[in-house]
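Worksheet: the structure to be examined is printed underneath.
Throughout, read-outs are computed from the coordinates displayed, never taken from laboratory work. Not measured: the values here are computed from a predicted model. Don't worry about glycine lacking a Cβ; one is built from the backbone with ideal geometry, like all the others, and counts go over all protein chains shown.
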Amino acid sequence: MENNKSTLTNIVAIGIGAAVFFILGRFLSIPTGIPNTSFETTYPFLALMGVIYGPVVAGLVAFLGHAIKDLMTYGLWWSWVIASGVTGLGYGLIGRQLKVESGIFDGKEIVKFIIGVTIVNLLSWAVIAPGLDILIYSEPANKVFLQGLVSAGLNSIAVAVLGTVLIKAYASTQTQSGSLTRED
């Protein structure tokens, strides 16, 4: 029964998470001046989803949320939708390495988190997205690598600041291991 509950919880998390990802991406993105490149509030939220639900849920939240956002705006752009999915997967893998469920998210944990998400963002946005833009859409390399590097940097900053705040707040709701004692 526990496995069914977990599956249902994950399906609900994917649906609600994708909807929130879409809303944040559609209404709380700040354009940078570089075409089709914005400061996104979606990725700090995605980092929280990755920490709470893991890589599969976070990957699907990002993939579906980004696809819906694209469909509702300027059209589906597969290279960036795939890169979003990889980003969610990466954030979830990083979340598995943290002790957030034990109520611990400070010092070394935060540094580990920021380094990890920066690596994931560089891989997703400065390598995968521009590479797929060139392969799928024959986009000019200088344009897409500029977009990718700007996105990697901005997403890293957004997640390092806002994501850290969100995850720190979530960790504070968790019971630290060893913090409860039994009274006789």
At what distance in nm do the modelled label points of I115 and K143 sit from each other, each positioned 7 Å from its Cα along Cα→Cβ?
3.8 nm
Taking a label point 7 Å from the Cα of I11 along the Cα→Cβ vector, which residues of the stretch 42-59 have an amide N closer than 20 Å to it?
53-59
Of all lysine pairs in the chain that are eight or more residues apart or on different chains, those with Cα atoms under 18 Å apart total 5
Quick check on the exposure proxy: order L24, L162, L89 from fewest to most C-beta atoms within 10 angstrom.
L162, L24, L89
Sorted by chain and number, the residues with a modelled amide H under 5 Å from that of F39, at a separation of 5 or more or across chains, are I30, T32
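From the gyration tensor of the Cα coordinates in the chain, what semi-axes in whole Å does the equivalent ellipsoid have, largest first, with each one equal to sqrt(5λ)?
31, 18, 13
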Modelling each spin label as a point 7 Å along the Cα-to-Cβ direction, I'd like the F27/Q174 distance in nm, to one decimal.
3.0 nm
Report, to the nearest 10°, how far helix 55-72 tilts away from the longest principal axis of the Cα atoms in the chain, using its own Cα long axis and a range of 0 to 90°.
40 degrees
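Give me M72, M49 sorted ascending by neighbouring Cβ count inside 10 Å, so fewest comes first.
Placing the least packed residue first, the sequence is M72, M49.
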With Cα atoms, 0 to 90° folded angle of helix 108-121 axis to the chain main axis:
20 degrees
Take the Cα atoms of the stretch 1-80, find their three principal axes, and give me the spread along each one in whole Å, biggest first.
50, 21, 20
